[in-house]
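I have placed the structure first, in the form of structure tokens, so that the comments after it can refer back to it.
The values are calculated or read from the model by the stated rules, or taken from the named source; none is laboratory data. Values in this document were obtained by computation on a predicted structure and should not be read as measured data. Here Cβ is always computed from backbone atoms with ideal geometry, including for glycine, and neighbour counts include all displayed protein chains. For accessibility, only protein heavy atoms count, side chains too; no ligands or nucleic acids. Shrake-Rupley method; radii C 1.70, N 1.55, O 1.52, S 1.80 Å.
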Amino acid sequence: MGDNQLSLQITYYPLLIIKIKMSDTLVKPVIVKELLESLQAKIEEEQQVIVHCCFPASPFLGNLIRIWNTTYLYDNQSEHKSRLIHAENITIYPNWTPVPFMRDFWFTLVFSGLPKDCKSFDLKEVIPEEGGFFVESIKRNSSDIYRVKISESY
């Protein structure tokens with residue numbers, strides 16, 4: 001080939017078609033009642049609670065924020081506490097997240113499920129120093145998704 005010519009190579013691959021014969025009869029599985037009840041209990045147990053949190057705008061420069069893994073939702077009608085599963089847009093202790101100057105700062109916390117009969121709960125950050133977050137008596141709703149304004153200390 002000369003300097004001005006291009007080489008073109010075409011490769012053909014065979015097409016393989018597989019034909020599968022399906023049975024005319026589909027059998028519906030039977031699941032024992034006890035197993036279904038057990039699964040339903042697990043589903044209810046694994047439900048999650050989502051809390052969108054607003055840390056209000058501050059006139060101070062250099063604010064930092066973080067959340068501790070020891071943040072819980074406390075059911076006001078029982079001894080139950082839901083544990084923190086995930087935090088979005090905020091760092092977990094010991095790391096810090098800078099807060100924008102004079103702008104509300106939003107972050108999201110995901111907790112394990114609350115009991116079915118829970119009517120209200122508190123969000124409480126249990127930490128070995130001052131300044132833990134606390135939101136009191138959050139009224140339970142059917143979606144288990146909440147928007148709260150964070151305040152410090154309890």
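Looking for something under 20 Å from residue 127 (Cβ atoms) and more than 21 Å from the chain's Cα centre (by Cα) - is there at least one such residue anywhere in region 69-82?
First pass over region 69-82, keeping only residues under 20 Å from residue 127 (Cβ atoms): 69-74, 81-82.
Still in the list and also more than 21 Å from the chain's Cα centre (by Cα): none.
No, there is no match, as no residue in region 69-82 is under 20 Å from residue 127 (Cβ atoms) and more than 21 Å from the chain's Cα centre (by Cα).
Restricting the first residue to region 73-98 and requiring it to be among the acidic types (Asp, Glu), which pairs with a second residue that is assigned to a strand (DSSP E or B) and buried (at least 16 other Cβ atoms within 10 Å of the Cβ) meet a Cβ separation below 8 Å and a spacing of at least six or different chains?
As it stands, the answer is 75/81; 75/82; 75/121; 88/107; 88/109, since those pairs meet every condition given.
Is there a residue in region 83-93 that is open to solvent by 100 Å² or more (accessible area, probe 1.4 Å), closer than 28 Å to residue 126 by Cα, among the aromatic types (Phe, Trp, Tyr) and at pLDDT 70 or above?
The answer is yes, given that some residue of region 83-93 is open to solvent by 100 Å² or more (accessible area, probe 1.4 Å), closer than 28 Å to residue 126 by Cα, among the aromatic types (Phe, Trp, Tyr) and at pLDDT 70 or above.
In region 74-122, what residues are polar (S, T, N, Q) and at positive phi?
89 - this is the single residue of region 74-122 that is polar (S, T, N, Q) and at positive phi.
Would you confirm whether any residue within region 44-57 is open to solvent by 90 Å² or more (accessible area, probe 1.4 Å) and at pLDDT below 65? Outline the logic, then answer.
Step one: of region 44-57, the residues open to solvent by 90 Å² or more (accessible area, probe 1.4 Å) are 45-48.
Next, only the ones that are at pLDDT below 65 stay: 45-46.
Scanning region 44-57, I find at least one residue that is open to solvent by 90 Å² or more (accessible area, probe 1.4 Å) and at pLDDT below 65, so the answer is yes.
Can you name the condition, by its number, that residue 67 falls short on among (1) open to solvent by less than 50 Å² (accessible area, probe 1.4 Å); (2) at pLDDT below 95; (3) of a type outside the set (Gly, Ala, Ser)?
(2)
Restricting attention to region 109-154, report how many residues are within 20 Å of the chain's Cα centre (by Cα), loosely packed, with under 15 Cβ neighbours inside 10 Å, within 15 Å of residue 52 (Cα to Cα) and not hydrophobic (A, V, I, L, M, F, W, C).
Summing the residues that are within 20 Å of the chain's Cα centre (by Cα), loosely packed, with under 15 Cβ neighbours inside 10 Å, within 15 Å of residue 52 (Cα to Cα) and not hydrophobic (A, V, I, L, M, F, W, C) in region 109-154 gives 5.
Can you find a residue in region 88-96 that is under 28 Å from residue 140 (Cβ atoms) and more than 17 Å from the chain's Cα centre (by Cα)?
For region 88-96, residues under 28 Å from residue 140 (Cβ atoms) and more than 17 Å from the chain's Cα centre (by Cα): present.
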